[in-house]
Ligand code: CUA
């Protein structure tokens, strides 16, 4: 599995601000640590018990000066950190006003449903977003608490059932950024991966246009048989495919499935071989997955693979 990028590898204004704040805090903590460690070391050596000296060391009780110093200095440090934190919070989370969300991110065990309300594109697990634009995301959950986190781009935010949260999404430069669910949400919490595909406005528009097209249902060959099986074998009870009777949103939308990079929220690369393995036994790749084993024969799996691969 590919590795997540670190928070110090910031590729958005939001994470740059947060990484900066974290560095300030670490720097202040390091200075305090060095002063205290050096003082303790000095005192241990300087005032150690020497042989032949049985006298009690000098005892000092109460000093207004010292009390003032160790009250005022930490107060100043906390005040500085408070100021920097509030400044960063405001930069990262400005009020959203009455703006409508650009993207709705819905947590499911264990994948991400992605809905673009303005274009009505519905997809899963791969968040396409135009670089440099400030997008408002609404985050929801259909089951348990999840947490959206893409360390290089966005801070963590919970997806809470019945309580939508909002976050601003801004990406700095084009690329693919990996994210993960950061709130334990069950057996496959670790395999609830998201990838952000940050692209130029033109690339994004082209992608969005492609997603809006209704894929043609194959009329002959293995793919056509696969399309029939998809209806007969109850796949349609959970999945959505635009232009067909499959209209459920329990599992991921498969409308343009073959344009996606991975299967099962990042557990497998999207290749025909992997897809076949997944269809034959999802639990082999994602134990506990809510995608049932449909007990397909080898031939049926090939036919459904042909159908899904045709959904461009
Ligand atoms: Cu969803 Cu952890």
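The values are calculated or read from the model by the stated rules, or taken from the named source; none is laboratory data. Please read all numbers here as calculations on a predicted model, not as lab measurements. Virtual Cβ from ideal backbone geometry, glycine too; neighbours counted across all protein chains shown.
Residue-by-condition table, conditions (1) in contact (Cβ under 8 Å) with a residue 60 or more places away in the chain; (2) away from the ligand (no atom under 16 Å from the Cβ):
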position: 81; (1), (2): no, yes
position: 111; (1), (2): yes, no
position: 123; (1), (2): yes, yes
position: 130; (1), (2): yes, yes
position: 146; (1), (2): no, no
- Filter result for residue 200 (surrounded by fewer than 14 Cβ atoms within 10 Å (Cβ to Cβ), away from the ligand (no atom under 16 Å from the Cβ) and under 22 Å from residue 240 (Cα atoms)): no
- Item | Yes/no for residue 181 being within 16 Å of the ligand (Cβ to nearest atom), in contact with a helix residue (DSSP H, G or I) (Cβ under 7 Å, 6 or more places away or on another chain) and either under 22 Å from residue 267 (Cβ atoms) or not assigned by TED's automatic domain parsing to the domain that holds residue 269 (or both) | yes
- Item | Inter-residue pairs, beta-carbon under 8 Å, first farther than 15 Å from residue 149 by Cβ and in segment 171-192, second modelled with pLDDT of 90 or more and within 9 Å of the ligand (Cβ to nearest atom), 6+ apart | 186/109; 186/110; 186/144; 187/110; 188/109; 188/110
- Item | Check on residue 219, under 17 Å from the mean Cα position of the chain (by Cα), assigned to a loop (DSSP other than H, G, I, E, B) and away from the ligand (no atom under 16 Å from the Cβ) | no
- For segment 98-120, does any single residue satisfy the condition of being assigned to a strand (DSSP E or B), more than 21 Å from residue 289 (Cα to Cα) and at pLDDT below 95? no
- Item | Qualifying residues in segment 148-177 (those that are within 15 Å of the ligand (Cβ to nearest atom) and surrounded by fewer than 22 Cβ atoms within 10 Å (Cβ to Cβ)) - the one nearest to residue 127 (Cα to Cα) | 149
- Sole exception among (1) assigned to a helix (DSSP H, G or I); (2) touching a strand residue (DSSP E or B) at 6+ places or on another chain (Cβ under 7 Å) for residue 11, by number: (1)
